[in-house]
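The values are calculated or read from the model by the stated rules, or taken from the named source; none is laboratory data. Values in this document were obtained by computation on a predicted structure and should not be read as measured data. Methodologically, a virtual Cβ is constructed for each residue, glycine included, from the backbone with ideal geometry; neighbour enumeration extends over all protein chains shown.
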Amino acid sequence: MTTLQETPLPLPYTKEDFVSGQDVRWCPGCGDYAILSVMQRMLAQLRIPRENHVFISGIGCSSRFPYYMNTYGFHTIHGRAPTIATGLKCVRPELTVWVVTGDGDGLSIGGNHLIHAMRRNTDLKIILVNNQIYGLTKGQYSPTSEIGKITKSSPSGSIDYPIHPLCVAIAAEATFIARTVDMDPRHMGMVLQRACEHKGVSFVEIYQNCIIYNKDTFQPIAGRESREDRILYLEHGKPLIFGKKRDKAIRLNGPNPEIVNLADVKDSKEILVHKEDDPLPNYAYLLTQMEYPQMPVPFGIFRCIQKPTYDQMMDDQIKAEVKKKGPGKLEDLLHAGSIWQIEEHEEGVS
Amino acid sequence: MSKVQTKEIEAVTIRFAGDSGDGMQLTGDQFTDTSALMGNDIATFPDFPAEIRAPAGTLPGVSSFQIQFSEHEIFTAGDSPDVLVAMNPAALKVNLTDLVKGGLVVVNTDSFTEENLKKAGWKSNPLQEGTLKDYAVLEIPISTLNANALKDSPIKPTEAERCKNFFALGLMFWMYDRKLEFTVKWIEEKFTKKPELIQANVTALKAGYHYGDISETIPGRYVIRKARLAPGTYRKITGNEAIALGIVTAAHLSGKQVLYGSYPITPASSILHELALRKNFGIKTFQAEDEIAACGSALGAAFGGHIGITATSGPGICLKSEMINLAVMVELPLIIIDVQRGGPSTGLPTKTEQGDLLQVMFGRNSDSPVPVIAASTPANCYDFMIEAIRIAVTYMTPVFFLSDGYLANAAEPWYLPDVAKLPKMQIQHPQSSDGPFLPYVRNEQTLARPWAIPGTSGMEHRIGGLEKADRTGNVSYDPANHHKMVALRREKVNRIAHSIPLMEVLGPKKGKLLVLGWGSTYGPIHAAVTELQKEGKEVSACHLHYMNPFPKNLPEIVKCFETILIPENNMGQLLLLIRGTIEGIHTVGFHRVTGQPFKIREIREKIEELL
């Protein structure tokens with residue numbers, strides 16, 4: 001029998017173990033630095049062997065991420081990281097496979113792959129860094145930019161309605177869906193760790209500040225002064241209460257959420273209680289519809305449910321086939337079906 | 001009993017033609033199986049529309065299956081059928097012009113109704129108007145005879161009608177003295193759970209056979225002796241089946257597992273179907289959301305240390321190009337199978353063409369060399385599939401494998417290999433390094449970089465599409481480094497020429513004319529050149545299977561001939577490559593893009609024109 005550990009084993013890693021030797025080439029002040037740093041620190045807290053982490057990215061500023069992680073990494077092509085990650089995970093299910101993508105990479109050119117990776121529930125950890133702008137191509141509007149946004153490619157204002165990353169994830173039935181922000185390292189660390197521990201596809205949207213082309217776009221929501229009044233931090237089993245003084249709550253008015261002063265609530269049952277494991281996607285979808293400035297913006301884990309993963313089912317099918325038929329014998333396979341012999345010097349009428 | 005004389009002949013070509021729903025592919029397959037099992041050499045050419053069920057009775061809905069079977073070695077399914085079995089007026093209309101003059105037409109007269117004649121565009125009934133005066137005609141009310149034979153069967157009349165192809169097959173079996181037992185066995189296995197269908201189909205088959213025996217209208221009965229092929233064990237195989245078996249064999253030889261990522265596309269899909277059944281052979285199949293994802297999944301698997309394979313046709317190659325270029329940059333083994341079809345764009349999905357050679361050579365941004373292998377017969381798809389995988393894992397490179405719609409579906413006897421004698425593939429993944437691991441240090445001979453795989457402690461490294469610094473693999477924009485890396489990638493592919501066999505010439509090694517082919521033109525070129533050589537003509541042939549790099553002796557071979565004739569099912573793609581790489585030779589192209597393979601006589605005529 002195992003004996004109880006009096007003290008936990010020392011952690012095998014420090015943050016520095018996850019820092020690669022490559023010079024980081026993001027702009028000074030870029031939100032990606034915070035994400036990189038939180039990721040390195042978070043991984044050092046886990047007991048997953050470093051060589052079992054693989055970071056796979058597409059194209060864009062955030063997709064340089066793998067170069068800076070001292071793990072296995074693959075900087076691929078625009079929008080296609082989920083496809084390579086899927087292939088890798090199918091053949092090496094023991095690895096922890098991360099996908100780092102952006103709003104353009106993941107939702108514009110790579111939207112199709114993102115949807116299919118999520119609906120298959122392949123055990124991938126997908127981090128979508130959303131700064132609502134094309135940074136690496138120097139400042140065009142992205143599929144998550146707000147309508148009317150003035151950029152180099154939309155001097156009269158963008159006429160593209162934005163796509164909502166979390167709605168896409170819910171529609172694709174992702175089993176783990178979360179949102180966090182670069183300005184809140186503690187919250188980000190918690191979310192990334194939960195994403196890593198989830199068995200199945202994890203989809204995390206990180207609001208990220210592009211200091212050059214879309215500076216402070218999330219400041220009104222996530223800025224230090226206003227954060228507590230404008231963010232609704234989701235905690236499983238806890239009522240939806242927010243505000244600096246924690247004096248406001250969310251309840252349903254018909255099918256829609258509304259803000260209510262806690263003092264005015266007569267029956268605490270009126271207040272919505274966060275339930276991340278709701279098997280139906282309706283409630284998580286409702287949360288995604290809460291947007292600034294009308295409503296506080298939900299942060300945290302929207303959804304976390306369990307269902308069999310693609311890689312696990314693939315493995316199960318193979319094991320079942322081997323059990324049923326035995327390990328394949330090549331000689332038998334080649335000789336399967338109708339075969340015939342031609343003898344030496346054979347003559348005769350057929 | 002029939003008083004018909006039985007004659008011995010060397011070879012015969014039969015074409016079964018009917019509506020897409022008439023079961024002509026199945027009928028042809030059964031005739032092929034039986035002929036193969038009776039020891040003939042066989043070659044088949046299935047030809048069917050892209051639509052699953054085009055409107056019944058129309059010209060676009062006609063599906064056909066041609067088989068040549070013989071007592072000697074044959075290389076094609078025959079230029080022109082000796083016998084045409086036409087199940088309806090449309091099938092007669094589409095196929096009649098191909099029949100040899102004096103050949104036999106077998107028609108199902110029941111289908112020659114006014115409505116069907118109109119649908120097929122016959123202004124009058126060809127059975128009555130002398131249209132068929134140059135041919136022997138066997139008018140048989142196949143539907144009626146079949147229905148009579150099945151009148152006691154419990155199955156519905158519509159189901160009984162669907163057995164009529166077996167009546168026609170039975171008749172052909174009688175005419176060519178085939179045994180019924182193989183098809184009977186097949187029917188019994190196919191309909192294990194439906195005994196009434198076994199009985200009905202077997203009855204229809206035997207009714208057709210006995211009709212031949214008793215009708216006394218059949219003009220002749222023929223015997224074709226067993227072919228004198230090399231002694232050994234054979235099975236019938238199509239190109240796509242051979243590819244699938246080649247993949248399973250390569251997995252065995254390398255001790256590796258395979259991820260086959262694919263998106264359904266004609267004419268490549270049957271490889272996916274076949275491999276999906278091979279889970280207990282270490283084969284994982286992944287049906288991706290699109291062509292790009294299919295290629296990406298295979299590359300991801302290669303990164304993980306497995307053999308990553310994807311297959312498609314031309315339109316899919318367009319979509320995969322960027323991913324293949326990534327494989328060039330990161331130098332991982334990736335096998336891309338292109339079963340070519342008529343194009344451009346969606347083109348002719350079910351018809352054959354050799355139009356993708358230049359696409360796979362050059363269809364990527366920048367200088368991006370990728371080795372290209374092309375099979376030339378259905379059976380040698382097996383050998384060259386294994387070879388493509390060997391090259392990919394030995395040189396750490398993506399490799400193209402070219403097949404085409406003809407090879408994919410055509411069948412021939414396959415001399416079964418002795419697996420124990422096939423060379424093993426030695427693959428090593430580095431487990432440790434002195435000092436930091438350098439992912440772009442190269443093997444001195446092959447220039448391959450090490451294949452270190454995720455999960456190996458101490459070998460953590462990053463790869464990607466940005467230019468790599470020599471040795472370290474770090475991102476590098478250094479001008480001199482870029483030039484060096486472009487040259488290294490080129491040189492690595494060129495060095496493959498050291499490990500591939502030299503080409504051999506069929507016929508004299510120098511002279512007036514050399515016919516240089518590649519891919520599925522092998523059959524008609526080989527047959528035409530052999531025939532002409534027997535007639536004393538001075539012509540030689542050689543056939544390319546390695547398209548990039550070329551075998552080392554190709555320049556010296558072609559320089560020994562006054563003229564090089566290059567027949568292709570495209571507008572001159574190998575021609576352009578040869579002209580661009582070998583100086584001082586006289587080349588002539590011969591192009592045909594009809595969606596059909598060359599006929600032997602077309603090649604003959606072209607050769608004779610040049611002699």
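Of note:
- Test: B:PRO549 is in the same structural domain as B:ILE600 (by TED's automatic domain parsing) and in contact with a Pro (Cβ under 9 Å, 6 or more places away or on another chain): yes
- Candidates B:THR350, B:THR346, B:THR266, B:THR312 - the one that is away from chain A (no Cβ under 12 Å), touching a Pro at 6+ places or on another chain (Cβ under 6 Å) and touching a residue at least 12 places away in the same chain (Cβ under 8 Å): B:THR266
- Filtered residue count, region B:420-432, keeping only those that are assigned to a loop (DSSP other than H, G, I, E, B) and either touching a strand residue (DSSP E or B) at 6+ places or on another chain (Cβ under 6 Å) or more than 18 Å from B:GLY305 (Cα to Cα) (or both): 2
Residue-by-condition table, conditions (1) touching a residue at least 60 places away in the same chain (Cβ under 8 Å); (2) away from chain A (no Cβ under 14 Å); (3) among the aromatic types (Phe, Trp, Tyr):
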site: B:GLU139; (1), (2), (3): no, yes, no
site: B:LEU150; (1), (2), (3): no, yes, no
site: B:ALA160; (1), (2), (3): no, yes, no
site: B:GLN199; (1), (2), (3): no, yes, no
site: B:TYR209; (1), (2), (3): no, yes, yes
site: B:ILE224; (1), (2), (3): yes, no, no
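Okay, residues lined up against (1) surrounded by fewer than 17 Cβ atoms within 10 Å (Cβ to Cβ); (2) closer than 30 Å to A:ALA117 by Cβ; (3) more than 14 Å from chain B (Cβ to nearest Cβ):
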residue	(1), (2), (3)
A:PRO279	yes, yes, yes
A:PRO298	no, yes, yes
A:PHE302	no, yes, yes
A:MET313	yes, yes, no
A:LYS325	yes, no, no
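- Which listed residue is farther than 25 Å from A:LYS138 by Cα and either surrounded by 12 or more Cβ atoms within 10 Å (Cβ to Cβ) or out of contact with any Leu (no Cβ under 7 Å at 6 or more places or on another chain) (or both), from A:ILE206, A:ILE221, A:ILE250, A:ILE212: A:ILE250
- Residue selected from region B:211-222 under the condition surrounded by 14 or more Cβ atoms within 10 Å (Cβ to Cβ) and not polar (S, T, N, Q), by the criterion nearest to the other protein chains (Cβ to nearest Cβ): B:TYR222
- Members of region A:80-100 found to be surrounded by fewer than 24 Cβ atoms within 10 Å (Cβ to Cβ) and either closer than 23 Å to A:ILE301 by Cα or more than 8 Å from chain B (Cβ to nearest Cβ) (or both), listed by number: A:PRO93, A:THR96
- Flag if A:ASP103 is in contact with a Ser or Thr (Cβ under 6 Å, 6 or more places away or on another chain) and either more than 26 Å from A:TYR161 (Cα to Cα) or buried (at least 24 other Cβ atoms within 10 Å of the Cβ) (or both): yes
- Filter result for B:GLY507 (in contact with a strand residue (DSSP E or B) (Cβ under 6 Å, 6 or more places away or on another chain) and at positive phi): yes
- Taken together, the residues in region B:223-254 that are surrounded by fewer than 16 Cβ atoms within 10 Å (Cβ to Cβ) and either among the hydrophobic types (A, V, I, L, M, F, W, C) or within 24 Å of B:ASP22 (Cβ to Cβ) (or both) amount to 2.
- Within region B:453-473, residues that are at the interface with chain A (Cβ under 8 Å from one of its Cβ atoms) reach partners that are among the charged types (D, E, K, R) and crowded, with 16+ Cβ neighbours inside 10 Å with beta carbons closer than 7 Å, at six or more positions or on different chains, in the pairs B:PRO454/A:GLU51; B:PRO454/A:ARG92; B:GLY455/A:GLU51; B:GLY455/A:ARG92; B:THR456/A:GLU51; B:SER457/A:GLU51; B:GLU460/A:ARG50; B:GLU460/A:GLU51.
- Selection from region A:30-50 of residues that are within 11 Å of another protein chain (Cβ to nearest Cβ) and either surrounded by fewer than 18 Cβ atoms within 10 Å (Cβ to Cβ) or in contact with a Cys (Cβ under 7 Å, 6 or more places away or on another chain) (or both): A:PRO49
- For region B:152-162, the criterion of a residue being under 17 Å from B:ILE218 (Cα atoms) and either assigned to a helix (DSSP H, G or I) or touching a strand residue (DSSP E or B) at 6+ places or on another chain (Cβ under 8 Å) (or both) is satisfied by no position.
- When B:PHE303 is tested against (1) more than 17 Å from the chain's Cα centre (by Cα); (2) under 27 Å from B:ASN409 (Cβ atoms); (3) among the aromatic types (Phe, Trp, Tyr), exactly one condition is not met: (2).
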